[in-house]
1. Pulled fully out, how much extra length does the chain show between residue 11 and residue 35, if you take 0.36 nm times their separation in residues and subtract their Cα-Cα distance?
2. Taking θ = phi - 60°, what integer Hz values does the Karplus form 6.51 cos²θ - 1.76 cosθ + 1.60 yield along segment 42-48, in sequence order, with x for Gly and Pro?
Amino acid sequence: MGRKDVSSGRMPLDQYRKQIGKQDYKKTKPMLKATRLKAEAKKTAPGIKEVSLVLAAIFVFLLASYAFFYLKFSEEVDLDLEQDEN
């Protein structure tokens, strides 16, 4: 009894898939290719989150390098002033 219900449930789904297949077949190949490429591009496009993370990483790197050089050169200037006073 259960098998009969399962097999009867598959038939409308198979018919629906066949109808969709016929509609897709009516489209031209370049149109299908363009649609597929558009969908793939949409999936692989970087999101706002990824772009913001990359920009934040670049900003942190620049800030750290600026701080490093600022501290390095400010210490050298202080040493030069102390030597001149003596």
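Each value in this text was obtained by applying a stated rule to the coordinates, not by laboratory testing. Model, not experiment: these values are computed from the prediction.
1. 5.8 nm
2. So the J values, rounded to whole Hz, are 5, 5, 8, 5, x, x, 5.
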